[in-house]
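J.: One structure is given below, represented as structure tokens, and several questions about it will come after.
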Amino acid sequence: MSGKRSGLSRRSFLATGGAIGGAALAGCLTGGGSGEETVKLGIIEDRSGNFALNGTPKYNASMLAIEELNEEGGILGNEIETFAPDPQSDNQRYQQLTRQAINEENVDALWAGYSSATRETIRPIIDQNEQLYFYTTQYEGGVCDSYTFCMGATARQQLGSVLPYMVENFGTDIYTIAADYNFGQLSADWVRVLADENDANVIGEEFIPLSVTDFGSTINNIQDADPDFVMALLVGANHTSFWNQRTSAGLDVPMGTSTVMAQGYQHKRLDPPAMANVYGGFNYMEEIPTDRNQEFVSRYYEKFPDAAYINEEAVNNYFSIKMYARAAEAVGSTNQADIIEELEKGMDVSAPEGDISLQGPVHHMTHNMRVFRCDEDHTITVEDEQQISEQFLSETVGCNLRENEETTQYVPADYYEEADATQE
Amino acid sequence: MNALNLLFQFADNFAFVVLAAVGLAVIFGMMGVINLGHGEFIMIGAYGTTLSANAGAPLPVAMAIGVLVTAVMGLILERTIIHRLYDRLFDSMVATWALGLILTQGMRILFGNSIPQVSTPLGNIAYGEFSYSTYRVLLLPVALLVLGGLYVLFTRTEFGIRARATIQDPDTARALGVDTDRMYTATFVIGSALAGLTGALYAPTLTVVPGMGSSFLVEAFVAVVVGGPSVLLGTTLSGGLLGTIDAVFTNLFGTFYGQIAMLLTAIVVIRVLSDGLTGLVETVRNRVEGE
Amino acid sequence: MTATDTDIDTETTEVSTAETTDASETARPDGGTPDAADSGTTDATRATDTSGRQSPAVAATGPGTDTLLQTDGLTKRFGGFTAIDDVDFSVETGELRCLIGPNGAGKSTLLKLITGRHDATSGAIYYDGTDITTRRPNERVDLGIGMKFQVPSVFDELTAYENMRLSVQRTHADAHLDEAILDALERIDLAARATTPAGELSHGQQGRLEIGMAAALEPDLLLLDEPVAGLSVEERNEVADLVTELNDDGIAFIVIEHDIDFVAEIAHEVTVLHGGEVFREGSIEAIRDDDDVRRIYLGGE
Amino acid sequence: MGLADALDRLRRPFEGPNTLGNGRAFWVGFLVVLVGLVGYPIGFGSYAASSAALYLLYAILALSLTVIWGYTGILSFGQVAFFGVAGYSFALLSMNLESALTTMLALPVAVGIAALAALVLGYFMFYGEVRDVYVTILTLVVALVLNTFMAQTAGSEWTVGSVALGGFNGIPAIPSLTFGVGETAITLDGAAFYWFTLAALVASYLGLRALVNGRFGYAMVATREDEDRTEMLGYDVRRVKLLVFVLGGALAGLSGVLYATWGNYISPSVFGITFASIPVVWVAVGGRRSLLGAVVATVVIEWFRQQLSATGSQYALIVVGVVLLASILFVPEGVVPRLDAAIRGARDRFGASNDAPEGTPE
């Protein structure tokens, strides 16, 4: 169905392209971003390339949310249109498509991108155009941006739920292995901050390039350090090889994570017991046993019977699209500045993960965080559950977007001694 | 640093470099075609294996199917596309790059972003506080067997003699009654089958996804170039050199330095030895014989 | 396969680089090259050869001497095979010297050493007062040494005009370039074929073009490797005329040639190479009547 | 007549057997297309212009490869290395010394750094007798080393001046090119950036036409055809190759700076194997011995890929692959030379040509 829609807009694009320049220019001027007659949402999610595995569920869940809204009469009585290209996991293409979405498709709100690299690539374009933008991946945290709403849990929220649980149950010696890029580095910083807050020690730390598929030496290094548990902050398809390799090498230390299972559903894809004794701190996995969630899950698979999994990010897309619709109804228009102002007042949201709320001044969510455990047979159980709010921006940094315009990303190293790797 | 750790890591790296490179080396060394779709051929082997295993085939049978599927695909591609591109080195690079694109996305459309993975068999070798995957260590003898098998095939069989005659002087070979077209086809199929074998062997220990091929391509290229024109000797030598460098640097400084050290070694070898490591062996042998 | 002497050295290297299968197998061609067969008589020839040898040369070239080129103990080995063995060889200014010898005598190798295509294993080469032993080929060209290869090696895809331009633009300013190119083509009788790709010219025309291009660089010494091999009688005469004409203009020549009649037609002095060593030097008549020369030719074939 | 003669004299340095498109008809067409391109932002607005600017700056990268590969016979698989080095250099220079004056200066300095990198690498290769496919692989490996290295610079210790290298995420918020000082400064974005890029491309194209049809161009072509033979005509082949490589590095660098300012962003993916392959594809499809072919193919292929991606179809990449395969198999000499031959064939058939035949010396 999305193909049909974007096919339409593509035809109209070609038609304008073929018309005399003046007419096209006039079209640009009248089709402003706050047109009342239509609502158009940009959904730019990877369906091919490296991030297709994570991007496809996000795309699916967005379409589900939009279909449900349209069945209820759309937004402000208008059917929702979409601009849903495939950026093919290519950041440069994201830039082009973001510009197209804003300048040519005049989208009223934009959902785009899986990795933080993608977000940072397009954020300057977003800010320049004052475009309302929802970023839905769980991420390193710290983005304080007047136009960006970060719907995923931050590293502090994710790790803040699982790390104390691990310390309590397994001991205080932590070994961190993390993907060697911005997200991994900052997450490892948060592990150090949280270890300090929970009276534990990081006894070893290893950063692994995203291209690495061979973990023989890493496994030996962990065995050498002999920690009570490992915090595994691995990312991407290459790193997924770690789990099979650690199992076959007989490394049975318990592992905590914020980056596997809930994003790339490794417990579904890998043969048991590859993910045995892995504990994740997430706001969502499709195995959450509540009625509300199970009902959502069955709606999703009814629409996408061949879908593989509903990941954390997919659900964040789903509830944030619904949240956007409520805000638009509340202000009575799709004017972006008005909607941002409305959202900044905060909002209670009923999401598949439970009842959560938007922290208006920092554009982040208070999430219902759970600790999920994967057992020998890859059955998921919920071990712990608590509401965790975004704290870094709201409490430590003191960001308040209601009062100050900003487009900054803050990093923990500037606020915590433990997070500053250069001190060691 | 534990000596056994280093030894096992070396075995692991050596096998990876050799197996990643050998299919590419056969096709490049014997036919002058650079197969930029080599990584995707490996991916096809891994898919064949994993899908067969998921359908219930025992792992060795599944691996054989993976190899067979890749070989058949190689045969079809050679007959339809590659055979038009002999003596067009750079065109063949673009064409195989395009093939890689089609294969990756084609598999994604057919089987989705991921398929259920096979777990690694054979357990582990434990020593002191350490342990290592038995399967990964066993890949070393397998890599050596592959090299040995190719040695026998190309030097001890009628086919090998004809194939080598074709490479050295196609016109003369044709005059002597060798069906050179068939030799090229056969060589390409062997190269494809070897890529398939690599995919089959790594299917239970790496993540089988449509884009997995790219993780082999860099090592494969570097190994082939470092090795030089002699396929088997070159692959063996570069496997040894790069495997050692990777294991040592990874152990001393971390995975990133292992990778960088390997790439820098490649640059130095290409610069210093214009015919790679086999060129060096050749020179040394000539000198010894010259005295 | 016909192994002419020129091919010996290239063949050795070619085979070893083209060796793409396991290097432990047939690393080098079998030992039975034509040279190995020849050099069975090396010891005997060395004895007769010493008389014809010049005294070890110092840089006896350049201003104040008549000697244009002088090699001193020049030696070239390929692996275990010695292609040029301690050769002292000289050419005088304006001379036309022919270099003959049986297959595998090292004639082409000697030319390649002089042009810098091969590096000498030991010994030295002096040219016009300069030690050029380690100079690069293009530097030797700049000093005034030109070369025509055995197989015509013009740029096939470029026209005759463009080929000639490559030479002429090295010696002429832009203003006179076009004129000079057409003059040079005129001189080798190819002005009418200026726009023809060189690959489509006849064998003889390609040969003339190549000599013309070498001559257009205004060298003092031109090296020709079998300039008339495979040509018709008519084409052969055209080349002979061209060589004589250029020689009359003052260009010295070293010509490798099998065709003894052609040699007789153009040459003053002849040097006979055998087994990588200078075997005889003298006038064409003296060499023709030399029984030893006759013997090595017969024995060599 | 006087004017026509003057114009003919004007075009002479840009014509010769080494380029397609000689004669009056070509230049008239060239001017018409150029006027159309200059007017494009006026007709289609600044979004269309900024989209098109990307294709035009890529075309400069394609030209850099054409001059190295098509004309001199060296396939550099690592043109993106110089592209990226210049992009990163520009980012670090302009962000550390942020003022209009410095972004203006950062452009030539960054291009210079790319040229210097090409000089070092080229000297290392060509004076070390690295040849043929080994040059190809070596240049690719250099790009991959940069990719691996830059991707791990996420840590806070990787900061140059006040700018973090950012690892895999790259460097965001690179300033746009700015000319002039203080109040009078003009920031190049939207249509202005498009015009600047177009001017850079046209200058590069014409400059290269003059180069390849001049003395040095002949030396390049001779080097491509036969290095040994070229040396025997007294050309220093190593120097020819090195100079071309440096020129190619500088052009790729120019393209890289424009890229960094186009999206105000650069990341290590510019050094990756995917991006490294793409210039080879443009040039191979367009016709590697044709400057015009490289430009046309780059613009068309990139426009096509973008349109396919915007449809969101999962078959987009398959279509790209099939089109590439077909063009390599059925139009091996390149699309633009094929078109050129077809047009000339048609003209000959109808006997309408008054122009001198191609390749005739004048």
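J.: Among the residues of the range B:201-243, count how many are of a type in the set (A, V, I, L, M, F, W, C), surrounded by fewer than 24 Cβ atoms within 10 Å (Cβ to Cβ) and under 19 Å from B:Tyr47 (Cα atoms).
T.: Final tally of qualifying residues: 1.
J.: Give B:Thr187, B:Thr120, B:Thr198, B:Thr157 a once-over and let me know the one that is among the β-branched types (Val, Ile, Thr) and surrounded by fewer than 17 Cβ atoms within 10 Å (Cβ to Cβ).
T.: It is B:Thr157.
J.: Right, here's the next one. Considering only the range B:92-121, state which residues are modelled with pLDDT under 80 and more than 7 Å from every other protein chain (Cβ to nearest Cβ).
T.: none
J.: Scanning the range A:266-314 for residues that are small (Gly, Ala, Ser) and over 25 Å from A:Val191 (Cβ atoms), which turns out least open to solvent (accessible area, probe 1.4 Å)?
T.: To start, the set of residues in the range A:266-314 that are small (Gly, Ala, Ser) comprises A:274, A:276, A:280-281, A:298, A:307-308, A:314.
If we keep only those that are over 25 Å from A:Val191 (Cβ atoms) too, we end up with A:298, A:307-308, A:314.
Numbers: A:Ser298: 63, A:Ala307: 24, A:Ala308: 58, A:Ala314: 0 Å².
Applying the filter and picking the extreme gives A:Ala314.
J.: Residues in the range A:44-90 that are part of a helix (DSSP H, G or I) and out of contact with any Leu (no Cβ under 9 Å at 6 or more places or on another chain): how many?
T.: Our first condition is that a residue be part of a helix (DSSP H, G or I); within the range A:44-90, this holds for A:52-71.
Then drop every residue that is not out of contact with any Leu (no Cβ under 9 Å at 6 or more places or on another chain), which leaves A:52-61, A:63-65, A:67-71.
So the count comes out to 18.
Condition check ((1) touching a helix residue (DSSP H, G or I) at 6+ places or on another chain (Cβ under 6 Å); (2) β-branched (Val, Ile, Thr)) across all residues:
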{"site": "A:Val371", "(1), (2)": "yes, yes"}
{"site": "A:Asp375", "(1), (2)": "no, no"}
{"site": "A:Thr381", "(1), (2)": "no, yes"}
{"site": "A:Ile388", "(1), (2)": "yes, yes"}
{"site": "A:Thr396", "(1), (2)": "no, yes"}
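J.: What tally of residues in the range A:37-59 results from selecting those that are closer than 17 Å to A:Phe296 by Cα and open to solvent by 20 Å² or more (accessible area, probe 1.4 Å)?
T.: Filtering the range A:37-59 for residues closer than 17 Å to A:Phe296 by Cα gives A:57-59.
Pick out the ones that are also open to solvent by 20 Å² or more (accessible area, probe 1.4 Å) and you get A:59.
Residues flagged as closer than 17 Å to A:Phe296 by Cα and open to solvent by 20 Å² or more (accessible area, probe 1.4 Å) within the range A:37-59 amount to 1.
J.: It is to be established whether one or more residues within the range A:199-215 are out of contact with any helix residue (DSSP H, G or I) (no Cβ under 7 Å at 6 or more places or on another chain) and within 14 Å of chain D (Cβ to nearest Cβ).
T.: In the first step, residues of the range A:199-215 are kept if they are out of contact with any helix residue (DSSP H, G or I) (no Cβ under 7 Å at 6 or more places or on another chain); the result is A:199.
With the extra rule that they be within 14 Å of chain D (Cβ to nearest Cβ), the set shrinks to none.
For the range A:199-215, residues out of contact with any helix residue (DSSP H, G or I) (no Cβ under 7 Å at 6 or more places or on another chain) and within 14 Å of chain D (Cβ to nearest Cβ): absent.
J.: Now for a different question. Mind checking which pairs have a first residue in the range A:224-250 that is in a loop (DSSP other than H, G, I, E, B) and a second that is crowded, with 24+ Cβ neighbours inside 10 Å and modelled with pLDDT under 85, Cβ under 6 Å, 6 or more apart or different chains?
T.: Cβ pairs passing all conditions: A:Ala249/B:Tyr132; A:Ala249/B:Ser133.
J.: Let me ask something else. Tell me, please, whether a residue that is assigned to a loop (DSSP other than H, G, I, E, B), in contact with an Asp or Glu (Cβ under 6 Å, 6 or more places away or on another chain) and either within 26 Å of D:Gly287 (Cβ to Cβ) or open to solvent by 10 Å² or more (accessible area, probe 1.4 Å) (or both) can be found in the range D:155-168. First the steps, then the outcome.
T.: Of the residues in the range D:155-168, the ones assigned to a loop (DSSP other than H, G, I, E, B) are D:155-158, D:161-162, D:165-166.
Those left that are additionally in contact with an Asp or Glu (Cβ under 6 Å, 6 or more places away or on another chain): none.
Within the range D:155-168, not a single residue is assigned to a loop (DSSP other than H, G, I, E, B), in contact with an Asp or Glu (Cβ under 6 Å, 6 or more places away or on another chain) and either within 26 Å of D:Gly287 (Cβ to Cβ) or open to solvent by 10 Å² or more (accessible area, probe 1.4 Å) (or both).
J.: Collect the residues in the range D:301-346 that are at the interface with chain B (Cβ under 10 Å from one of its Cβ atoms), assigned to a helix (DSSP H, G or I) and open to solvent by 60 Å² or more (accessible area, probe 1.4 Å), keeping them in residue-number order.
T.: D:Val322, D:Val323, D:Phe330
Conditions (1) more than 22 Å from the chain's Cα centre (by Cα); (2) more than 21 Å from A:Ser211 (Cα to Cα); (3) away from chain A (no Cβ under 14 Å); (4) buried (at least 22 other Cβ atoms within 10 Å of the Cβ), marked per residue:
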| site | (1), (2), (3), (4) |
| --- | --- |
| D:Met95 | yes, yes, no, no |
| D:Thr103 | no, yes, yes, yes |
| D:Ala114 | no, yes, yes, yes |
| D:Ala118 | no, yes, yes, yes |
| D:Leu138 | no, no, yes, yes |
| D:Ala173 | yes, yes, no, no |
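J.: For the range A:322-355, enumerate the residues that are among the hydrophobic types (A, V, I, L, M, F, W, C) and surrounded by fewer than 20 Cβ atoms within 10 Å (Cβ to Cβ). Full working, then the answer.
T.: Looking only at the range A:322-355, we keep the residues that are among the hydrophobic types (A, V, I, L, M, F, W, C), and these are A:323, A:325, A:327-328, A:330-331, A:337, A:339-340, A:343, A:347, A:349, A:351.
A:Ala330, A:Val331, A:Ala337, A:Met347, A:Val349, listed by residue number.
J.: Moving to a separate point now. Give all pairs with beta carbons closer than 7 Å in which a residue from the range C:68-82 that is on the phi < 0 side of the Ramachandran plot meets a residue that is among the charged types (D, E, K, R) and not in a strand (DSSP E or B); count only pairs at least 6 apart in sequence or on separate chains.
T.: Partner pairs satisfying both residue conditions: C:Leu68/C:Asp128; C:Leu68/C:Asp220; C:Phe78/C:Asp9; C:Gly80/B:Glu289; C:Phe81/C:Asp35.
J.: Can you tell which of B:Val142, B:Val69, B:Val152 is assigned to a helix (DSSP H, G or I), crowded, with 21+ Cβ neighbours inside 10 Å and more than 14 Å from chain A (Cβ to nearest Cβ)?
T.: Values: B:Val142 fails: crowded, with 21+ Cβ neighbours inside 10 Å; B:Val152 fails: crowded, with 21+ Cβ neighbours inside 10 Å.
Within the list B:Val142, B:Val69, B:Val152, the selection yields B:Val69.
J.: Now for a different question. Would you mind stating whether A:Cys399 is of a type outside the set (Lys, Arg), touching a residue at least 40 places away in the same chain (Cβ under 8 Å) and not assigned by TED's automatic domain parsing to the domain that holds A:Gln131? Walk me through how you get there before you give the answer.
T.: Values: of a type outside the set (Lys, Arg): yes; touching a residue at least 40 places away in the same chain (Cβ under 8 Å): yes; not assigned by TED's automatic domain parsing to the domain that holds A:Gln131: no.
The answer is no for A:Cys399.
J.: I would also like to ask the following. Given the range A:282-358, what helices (runs of 4 or more DSSP H) lie entirely inside it while holding 1 or more residues that are within 22 Å of A:Arg156 (Cα to Cα), under 21 Å from the mean Cα position of the chain (by Cα) and of a type outside the set (S, T, N, Q)? Spell out the reasoning first.
T.: Values: elements: A:291-303, A:312-331, A:336-343.
In the range A:282-358, A:312-331 are the helices (runs of 4 or more DSSP H) which contain 1 or more residues that are within 22 Å of A:Arg156 (Cα to Cα), under 21 Å from the mean Cα position of the chain (by Cα) and of a type outside the set (S, T, N, Q).
J.: Please specify each residue of the range C:243-301 satisfying the condition of being within 16 Å of the chain's Cα centre (by Cα) and of a type in the set (S, T, N, Q).
T.: C:Asn247, C:Thr271 - these are the residues of the range C:243-301 that are within 16 Å of the chain's Cα centre (by Cα) and of a type in the set (S, T, N, Q).
J.: Turning to a different aspect of this structure: Please verify whether C:Leu143 is open to solvent by less than 10 Å² (accessible area, probe 1.4 Å) and among the hydrophobic types (A, V, I, L, M, F, W, C), treating the condition exactly as stated. Spell out the reasoning first.
T.: Working: open to solvent by less than 10 Å² (accessible area, probe 1.4 Å): no; among the hydrophobic types (A, V, I, L, M, F, W, C): yes.
Considered against the rule, which asks whether it is open to solvent by less than 10 Å² (accessible area, probe 1.4 Å) and among the hydrophobic types (A, V, I, L, M, F, W, C), C:Leu143 comes out as no.
J.: Residues B:Asn35, B:Asn5, B:Asn13: which one is touching a residue at least 60 places away in the same chain (Cβ under 8 Å), within 16 Å of B:Ala220 (Cβ to Cβ) and assigned to a helix (DSSP H, G or I)?
T.: Details: B:Asn35 fails: assigned to a helix (DSSP H, G or I); B:Asn5 fails: within 16 Å of B:Ala220 (Cβ to Cβ).
Of B:Asn35, B:Asn5, B:Asn13, the one residue that is touching a residue at least 60 places away in the same chain (Cβ under 8 Å), within 16 Å of B:Ala220 (Cβ to Cβ) and assigned to a helix (DSSP H, G or I) is B:Asn13.
J.: Let me ask something else about it. Got at least one residue in the range A:218-231 being within 22 Å of the chain's Cα centre (by Cα) and either surrounded by 23 or more Cβ atoms within 10 Å (Cβ to Cβ) or more than 30 Å from A:Trp111 (Cβ to Cβ) (or both)?
T.: Step one: of the range A:218-231, the residues within 22 Å of the chain's Cα centre (by Cα) are A:231.
After this cut, where a residue has to be either surrounded by 23 or more Cβ atoms within 10 Å (Cβ to Cβ) or more than 30 Å from A:Trp111 (Cβ to Cβ) (or both) as well, the list is A:231.
Yes, the range A:218-231 contains at least one residue that is within 22 Å of the chain's Cα centre (by Cα) and either surrounded by 23 or more Cβ atoms within 10 Å (Cβ to Cβ) or more than 30 Å from A:Trp111 (Cβ to Cβ) (or both).
J.: Restricting the search to the range D:274-300, which residues are at pLDDT 85 or above, open to solvent by 30 Å² or more (accessible area, probe 1.4 Å) and in contact with a Phe, Trp or Tyr (Cβ under 8 Å, 6 or more places away or on another chain)?
T.: Correct list: D:Arg289, D:Leu292, D:Val299.
J.: Further, regarding this structure: Part of a helix (DSSP H, G or I) and among the aliphatic types (A, V, I, L, M), is that true of B:Ala165?
T.: On the way: part of a helix (DSSP H, G or I): yes; among the aliphatic types (A, V, I, L, M): yes.
So B:Ala165 fits the description; yes.
J.: Give the residues of the range C:170-223 that are open to solvent by less than 20 Å² (accessible area, probe 1.4 Å), assigned to a helix (DSSP H, G or I) and away from chain D (no Cβ under 13 Å), sorted by residue number.
T.: Selection gives C:Gly204, C:Gly207.
J.: Somewhere in the range A:254-262, is a residue within 9 Å of chain B (Cβ to nearest Cβ) and either hydroxyl-bearing (Ser, Thr, Tyr) or in a helix (DSSP H, G or I) (or both)? Working first, answer last.
T.: First, pick out the residues of the range A:254-262 that are within 9 Å of chain B (Cβ to nearest Cβ): none.
No, the range A:254-262 contains no residue that is within 9 Å of chain B (Cβ to nearest Cβ) and either hydroxyl-bearing (Ser, Thr, Tyr) or in a helix (DSSP H, G or I) (or both).
J.: Also: Let me spell it out: the conditions are (1) modelled with pLDDT of 90 or more; (2) within 9 Å of another protein chain (Cβ to nearest Cβ); (3) more than 19 Å from the chain's Cα centre (by Cα), and A:Met166 meets all of them except one. Which number is the exception?
T.: Only one criterion in (1) modelled with pLDDT of 90 or more; (2) within 9 Å of another protein chain (Cβ to nearest Cβ); (3) more than 19 Å from the chain's Cα centre (by Cα) is unmet by A:Met166, namely (2).
J.: Ok, one more. Checking the condition within 24 Å of A:Gln359 (Cβ to Cβ) and either buried (at least 24 other Cβ atoms within 10 Å of the Cβ) or free of Cβ contacts under 8 Å to residues at least 40 places away in the same chain (or both), which residue from A:Leu159, A:Leu97 passes? Give the derivation first.
T.: Numbers: A:Leu97 fails: within 24 Å of A:Gln359 (Cβ to Cβ).
Testing whether each residue is within 24 Å of A:Gln359 (Cβ to Cβ) and either buried (at least 24 other Cβ atoms within 10 Å of the Cβ) or free of Cβ contacts under 8 Å to residues at least 40 places away in the same chain (or both) leaves just A:Leu159.
The values are calculated or read from the model by the stated rules, or taken from the named source; none is laboratory data. Not measured: the values here are computed from a predicted model. So basically every Cβ, Gly included, is an ideal-geometry build from the backbone, and we count neighbours across all protein chains shown. Surface areas here come from the heavy atoms of the whole protein model, side chains and all, with no ligands, DNA or RNA. Shrake-Rupley method; radii C 1.70, N 1.55, O 1.52, S 1.80 Å.
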